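Here's the structure we're looking at; comments come further down.
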C-alpha cells in the first residue's frame, strides 16, 4: 500500500457534504447569503457595517468551535496530516487567497452554492480550479516527486 | 437571533467540513492524485453538498425573502472572463500546493494547529494583496481606455 494513502470514507464524506449543504441552505434561508468561505472571510476583515461584520464573525466563530464539538462527540480531534512544508503552506495560501479573490469564490462559494444555483460562472470556475489542482498535484507528486 | 443562527450555521458547516475530510490536506491531495494514492472520498463530499443545496435552494429561493433580511443577496455577474478563469486557476494551483481550501481550513483553525493558522494568514494576505493590486491597477486601465 502506498505510504501516502488515506482511508476511503464514502459514508463520512457524504454525511459531511450533506451537512455543508444544509448549512448553505440555512444561511440562504435565514440571512439570504451565499455560504462561501472566501466571501465570509474577506468581509469579516472588510465589512460594510457593524451588522455585516457581526453575522460573518458569528459564522466564523461557529466554524472554529466545530473541532471542539468533534472532540466532545468522538473523543478525538479531527484527523489532519499536512504533507506541505511551511514554505509551501505560505506560497499555497497566498495563491489560494489571490485566486479566490479574483475569481470571487472558492470550493464552497462557486463549487457548492454557485453550481446549486446553476450559475454558468460558478460551473466554469469550478472546472477551472479542479483542473488546475489536478495538474498541480500531478506535477508535485509525479514530476517533482515531493 | 440573527447572530445565534449564524453561529449555529457556522458550526454546522464546520462539522460537515471536518467529518467530510475537507480539513485534512492529505485526504484532499489524494483525491487529486489519480495517478498515485487516489482517495475518491471528495466526490461524495461534493455530491452530498450539491444535492442538498440544489434541493434546499429550490425551496428557500421560492420564499419572498429570507427570515432576517429584506431580500436575497445573490451574485449578479453572469460573464465568464479571464479574471474568473485565471483566478480560479491560481486558486487551484494554491489548493494543490497547500492541500487546504478556505472552507476546509477555517473550521480546522479551532483545532489549534499552527500550520492551519500559517495557511489562513497567508490566504488572508493573498486576498488583500490581490484586492490592493486590483484597485491600484484600475485607474490606469481607465486612463488607457480614455486615451
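Every number here is computed from the coordinates shown, using simple stated rules; none is lab data. Please read all numbers here as calculations on a predicted model, not as lab measurements. Cβ atoms come from the backbone with ideal geometry, glycine included; neighbour counts cover every protein chain shown.
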Q) Can you tell me which of A:87, A:76 is in a loop (DSSP other than H, G, I, E, B), over 15 Å from the mean Cα position of the chain (by Cα) and more than 7 Å from chain B (Cβ to nearest Cβ)? A) A:76
Q. If you check residue B:86 against the conditions, is it facing another protein chain (nearest Cβ under 7 Å) and closer than 15 Å to residue A:113 by Cβ?
A. no
Q | In the stretch A:15-37, the residues that are touching a residue at least 24 places away in the same chain (Cβ under 8 Å) and farther than 13 Å from residue B:53 by Cβ | A | A:31, A:37
Q) assigned to a helix (DSSP H, G or I), on the phi < 0 side of the Ramachandran plot, surrounded by 11 or more Cβ atoms within 10 Å (Cβ to Cβ) and in contact (Cβ under 8 Å) with a residue 40 or more places away in the chain, is that true of residue B:105? A) yes
**Q.** Positions within the stretch A:26-46 being facing chain B (nearest Cβ under 7 Å), farther than 16 Å from residue B:4 by Cα and surrounded by fewer than 24 Cβ atoms within 10 Å (Cβ to Cβ), in sequence order
**A.** A:42, A:45
Q) Of the residues that make up the stretch A:112-122, is at least one touching a helix residue (DSSP H, G or I) at 6+ places or on another chain (Cβ under 9 Å), surrounded by 24 or more Cβ atoms within 10 Å (Cβ to Cβ) and more than 7 Å from chain B (Cβ to nearest Cβ)? A) yes
